[in-house]
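Read through the structure below, which is laid out as structure tokens, and then see the notes.
None of the figures in this text is laboratory data; all of them are computed from the coordinates on show. Computed from a predicted model, the values in this text were never measured in an experiment. Methodologically, a virtual Cβ is constructed for each residue, glycine included, from the backbone with ideal geometry; neighbour enumeration extends over all protein chains shown.
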Amino acid sequence: MNGTNDGRSPPPGPRAGGELEDEGCAPEEAAEPRRPPIHVLEGNTLRTRLTRSLGVHYPFVSAGMAFVALPPLVIAVSEAGGVGMLGAAPEPASALRTRLRDIQAGTRRPYGVDFIIDRARQGDLTTREHVDACLEARVPVVAFHWNLPPSDWVRDLRAAGTKVWVQVGSVEAARAALALGLDGVIAQGRQAGGHNRGTTPTLKLVRELRGVVGELPLLAAGGIADGLSAARALFHGADGVWVGTRMVASVEAYAHPGYKQKLVEGDARDSDFTTLFGPEWPDQRQRVLRNRVVREWVGREDRVPGTPLDTIGATRLLPGVPDGDVPYTLPRFSAFVPTPDTTGDLEEMNLPASGASMARIESILPAGQLVVEMMEGAHRLLANPYELEADADDAERG
Ligand SMILES: Cc1cc2nc3c(=O)[nH]c(=O)nc-3n(C[C@H](O)[C@H](O)[C@H](O)COP(=O)(O)O)c2cc1C
């Protein structure tokens, strides 16, 4: 695992060969430095529609998180036997192409790209060119969130062999998404960190959607951050878990170290919904960590001053791509999350997070270790699932 990785550039590893590897190790290539192997237990019984659909070892997917889920996190998760998802930030398609090349240089296992569908101040967050970049790279999975993509994007991706998933927060949204023709659905419960319109707790939503999605893989998102929460999601009908906040607090996530530390220190009651953040992409509901700016403004978002705004710090956009590292001054209430390039006061910044997940985070760990520990923990619990019925905390936490 990449304990010293800075979360920005891909670690040394096997070169892409085009073909997806099955569950075995990628073939050796002479003179290539290799990471130490991650030992997964053979004979694991966490076989689900998700593992079968993608040929992966674990029903574990790391959430595509803009700014934070860059190639090193994707590679670490996929190499550990899960599915790493790149979070597409508001970046040009050329940057996406670079990131896809970086991922393919680091793993031959299935991975994916997550896009937000919406129009922000600068224009559409995702365009046909981004989809074309995925088609060219033969990306194994593409997920969409927030609004639905045009149907021809879904059609073309699926025709090229890409699995298309959509993240939804309700039965109605799932039905609308399914009309596009999908390969999987992510159930985003109200505990989920980040952009979230959900009002239904994760496990309840999983049970509701199980009957709606039929035989398609159904992933559970929101408050899943350890073996127990993962086991519960699988027990209640999910075919896999989609994990965000826990993966921000990983070595490979491209998040500011102070932000990661706040996730370790945070607890169930330390997140809240707000539309506070986003001169760049206004009025979007998010679950965020209750830092000073959130405590001060939550519930009175309508009184947030308009532009011009003070500045709260500085960051660099487009890290790790040619002509990148573009300086950006963070306006007050900026939607951009702090990365290792960010300076300023984290108490004034947007820190997407789930309280339910923070309650389960004890330390910052390598992403591959998190995948294996959560899945092996879930495996053990599912062998004797007497306590998994309980979901009292599903309604309360977060
Ligand atoms: C820091 C952070 C950034 C996120 N960014 C995105 C994003 O860019 N696109 C997206 O579809 N979901 C995003 N999400 C939401 C996740 O997809 C997912 O719903 C959520 O993380 C699941 O709940 P959890 O945080 O308790 O694991 C983000 C979540 C977090 C915590």
Requested in this report: Note the full-extension length gain between Ala176 and Arg138 as 0.36 nm times their separation in residues minus their Cα-Cα distance, in nm to one decimal.
Outcome: 11.1 nm
Report summary line: Candidates Val77, Val131, Val298; GNM for the chain (alpha-carbon contacts under 10 Å) flags as most fluctuating Val298
Query raised in the report: How large is the dipole of the range 270-398 about the Cα centre if only Lys and Arg carry +1 and Asp and Glu carry -1, each at its Cβ, rounded to the nearest 20 debye?
Result: 260 debye
Query - Order of Thr98, Thr245, Thr311 under a 10 Å beta carbon neighbour criterion, fewest first - result: Thr311, Thr98, Thr245
Report summary line: Magnitude of the Cβ-charge dipole (Lys and Arg +1, Asp and Glu -1) of the range 252-340 about the Cα centre, nearest 20 debye, reported as 280 debye
Report task. For an R0 of 30 angstrom, estimate the FRET efficiency from the Cβ-Cβ distance between Arg119 and Asn384 and round to the nearest 0.05. Result -> 0.05
Requested in this report: Restricting to the chain, compute how many DSSP beta bridges are antiparallel as a %, nearest 5.
Outcome: 35 percent
Requested in this report: With θ set to phi - 60°, apply the Karplus curve 6.51 cos²θ - 1.76 cosθ + 1.60 along the range 288-297 and write out the HN-Hα couplings as whole Hz, x wherever there is a Gly or Pro.
Outcome: 9, 5, 7, 8, 4, 5, 6, 4, 6, 10
Query raised in the report: Quick one: if the Förster radius is 35 Å, what FRET efficiency do Asn147 and Gln369 give, using the C-beta to C-beta distance and rounding to 0.05?
Result: 0.50
Query raised in the report: Between Phe60 and residues 5 or more places away or on another chain, which pairs have amide H atoms under 5 Å apart, with H built 1.01 Å from N, and which residues are they?
Result: Val83, Val241
**Report entry** Percentage relative contact order, the range 257-355, counting C-alpha pairs under 8 Å, at least six apart
**Finding:** 34 percent
Query raised in the report: Which value in nm describes the separation of the simple spin-label points at Glu347 and Arg269, placed 7 Å from the Cα toward the beta carbon?
Result: 2.0 nm
Requested in this report: Using a Gaussian network model of the chain whose springs link C-alpha atoms within less than 10 Å, name the residue from Ala221, Ala356, Ala383 with the highest mean-square fluctuation.
Outcome: Ala383
Report summary line: Ranked on Cβ counts within 10 Å of their own Cβ, fewest leading, Tyr58, Tyr111 go Tyr58, Tyr111
Requested in this report: Could you give the size of the charge dipole of the chain about its Cα centre, using +1 on the Cβ of each K and R and -1 on the Cβ of each D and E, expressed in debye and rounded to the nearest 20?
Outcome: 500 debye
Report summary line: Karplus-derived 3J(HN,Hα) from phi for the range 100-106 (6.51 cos²θ - 1.76 cosθ + 1.60, θ = phi - 60°), whole Hz, x at Gly and Pro, runs 5, 4, 4, 5, 5, 6, x
Query raised in the report: Does the chain come out rounded, prolate or oblate by the C-alpha gyration tensor, with a ≥ b ≥ c the root eigenvalues, rounded set by a/c under 1.5 and, if not, prolate when a/b is larger than b/c and oblate if not?
Result: rounded
Query - Separation of alpha-carbon centers, the range 186-235 and the range 361-376, rounded to whole Å - result: 19 Å
Report summary line: Any residue on another chain or 5+ positions along whose placed amide H is under 5 Å from the amide H of Thr126 is listed here as Asp118
Requested in this report: Report relative contact order for the range 136-213 in percent, whole number only (criteria: Cα-Cα under 8 Å, sequence separation at least 6).
Outcome: 27 percent
Requested in this report: Excluding Glu347 itself, calculate the net charge of residues whose Cβ lies under 11 Å from the Cβ of Glu347, where each Lys or Arg counts +1 and each Asp or Glu counts -1.
Outcome: +1
Report summary line: Per GNM of the chain with C-alpha springs under 10 angstrom, the most fluctuating residue out of Asp114, Asp183, Asp345 is Asp345
Query - J(HN,Hα) series, the range 358-373, from Karplus relation 6.51 cos²θ - 1.76 cosθ + 1.60, nearest Hz, glycine and proline x - result: 4, 4, 10, 9, 9, 6, 8, 10, x, 4, x, 5, 4, 4, 5, 5
Query raised in the report: Ile312's amide H: which non-local residues (gap 5+, or another chain) put their own amide H closer than 5 Å, with H modeled 1.01 Å from N in plane and none for Pro or chain starts?
Result: Leu330, Arg332
Report task. Would you mind calculating the relative contact order of the chain from Cα pairs under 8 angstrom and at least 6 residues apart, reporting the percent as a whole number? Result -> 18 percent
Query - FRET E, pair Asp310, Ala159, Förster distance 56 Å, beta-carbon r, rounded to 0.05 - result: 0.70
Query - Helical mean residue ellipticity (222 nm; -39500 (n - 2.57) per DSSP H run of 4+; nearest 500) of the chain - result: -8500 deg cm²/dmol
